[in-house]
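Colleague: Structure below; questions to follow.
The values are calculated or read from the model by the stated rules, or taken from the named source; none is laboratory data. This is a predicted model, so every value here is computed, not measured. With ideal geometry, Cβ positions are generated from the backbone for all residues, glycine too; neighbour counts draw on all protein chains shown. These accessible areas exclude ligands, DNA and RNA; they are computed on the full protein's heavy atoms, side chains included. Shrake-Rupley method; radii C 1.70, N 1.55, O 1.52, S 1.80 Å.
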Amino acid sequence: MAAPVIEFRHLSKSYWEADQEHVVLNDVNGKVYEGEFVVLFGKSGCGKSTLLNLISGIDAPGRGDILVEGQSLTGMSEDERTLFRRRHIGFVFQSFNLIPTLTVRDNLLLPLELTGRLDNGDRTDMADMLEELGMAQRMDFYPDKLSTGEQQRVAIARALIHKPAIILADEPTGNLDHDTGQEVLNLLDRLVRRAGRTMIMVTHSREVIGLADRLMTIRDCRLEESDC
């Protein structure tokens, strides 16, 4: 079997509040393989977003190790994790997280500029992606002039534009109505699978599970796995 793209090894994370330790994840173990679409499920506050933050290197574990594409994030400094995330990971947020002072075009080009690899070919790829998303006519619009569905489509394009190996999506349909949410979900699934990327999606919606290859559920600070 091929080596996993993501691997959790005895991963634990807790937070302190008023001298009280709150354990979020405890001795979590698991593997995610190339091209998989994994849904991360569980009740509110169970640690789903915390696990995404650990995978992306936004946060560091208290104990254990996490490997992404064979590299240990635990041994990296914060700056090293940031550079690694920019090159290898695309993030889709529930709240879109578009920069309001940048146009659609500039929001998409920013990840490429941050990795120092913006060229004419990337600009062509950006224009082609917006065309496919039905957003070509919105290229020079600012985020506040877009509908919520359009903003999320731009956010998906931004997550994919630098061709990352891994896509992390945190409740990407949470701020959308049902029909728009289904449209965005199907679009994300199609684009990620076509490119052969690996995706982990946090969700409360059981409707999403039908699209996934595997289900991971966080329960009582542990990770349980099952096929979909």
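Colleague: Select from the stretch 50-69 the residues that are open to solvent by less than 60 Å² (accessible area, probe 1.4 Å) and touching a residue at least 60 places away in the same chain (Cβ under 8 Å) and list them in ascending order.
Modeller: L51, L52, I55, S56, I66, L67, V68
Colleague: Quick check on this structure: which one of E36, E69, E78 is on the phi > 0 side of the Ramachandran plot and of a type in the set (D, E, K, R)?
Modeller: Criteria check complete, one pass: E69.
Colleague: Okay, moving on. Go through (1) in a loop (DSSP other than H, G, I, E, B); (2) open to solvent by 30 Å² or more (accessible area, probe 1.4 Å); (3) in contact with a strand residue (DSSP E or B) (Cβ under 6 Å, 6 or more places away or on another chain) one by one and return the number of the condition A3 breaks.
Modeller: (3)
Colleague: Can I ask one more? Looking at L102, L25, L73, L11, which is the one that is over 14 Å from the mean Cα position of the chain (by Cα) and open to solvent by 40 Å² or more (accessible area, probe 1.4 Å)?
Modeller: Going through L102, L25, L73, L11 in turn, the sole match is L102.
Colleague: Going by what's in this entry, would D140 be described as among the acidic types (D, E), open to solvent by 20 Å² or more (accessible area, probe 1.4 Å) and not in a loop (DSSP other than H, G, I, E, B)?
Modeller: Criteria not met by D140.
Colleague: Among the residues of the stretch 115-124, write down those that are open to solvent by 70 Å² or more (accessible area, probe 1.4 Å), assigned to a helix (DSSP H, G or I) and at pLDDT below 80.
Modeller: The answer is N120, and nothing else.
Colleague: For the stretch 156-228, which fully contained strands (runs of 3 or more DSSP E) count at least 2 residues that are buried (at least 21 other Cβ atoms within 10 Å of the Cβ)?
Modeller: Here the list reads 166-170, 198-202, 214-219.
Colleague: Condition first: touching a residue at least 60 places away in the same chain (Cβ under 8 Å), touching a Gly at 6+ places or on another chain (Cβ under 6 Å), surrounded by 15 or more Cβ atoms within 10 Å (Cβ to Cβ) and not aromatic (F, W, Y). Can you find one or more residues in the stretch 37-48 that meet it?
Modeller: Yes, that holds for at least one residue.
Colleague: Moving on to the next point. So, D128, is that one closer than 21 Å to A195 by Cβ and either surrounded by 15 or more Cβ atoms within 10 Å (Cβ to Cβ) or in contact with a Lys or Arg (Cβ under 6 Å, 6 or more places away or on another chain) (or both) or not?
Modeller: Criteria not met by D128.
Colleague: Let me ask something else about it. Filter the stretch 38-83 down to the residues that are under 14 Å from S12 (Cα atoms), in a helix (DSSP H, G or I) and in contact with a Lys or Arg (Cβ under 7 Å, 6 or more places away or on another chain) and list them by number.
Modeller: T50, L54
Colleague: Let me ask something else about it. Considering only residues that are in a helix (DSSP H, G or I) and either in contact (Cβ under 8 Å) with a residue 24 or more places away in the chain or more than 15 Å from P100 (Cα to Cα) (or both), which ones fall in the stretch 143-155?
Modeller: The answer is P143, D144, T148, G149, Q151, Q152, R153, V154, A155.
Colleague: So how many residues does the stretch 86-110 have that are assigned to a helix (DSSP H, G or I) and touching a Pro at 6+ places or on another chain (Cβ under 9 Å)?
Modeller: Qualifying residue count for the region: 5.
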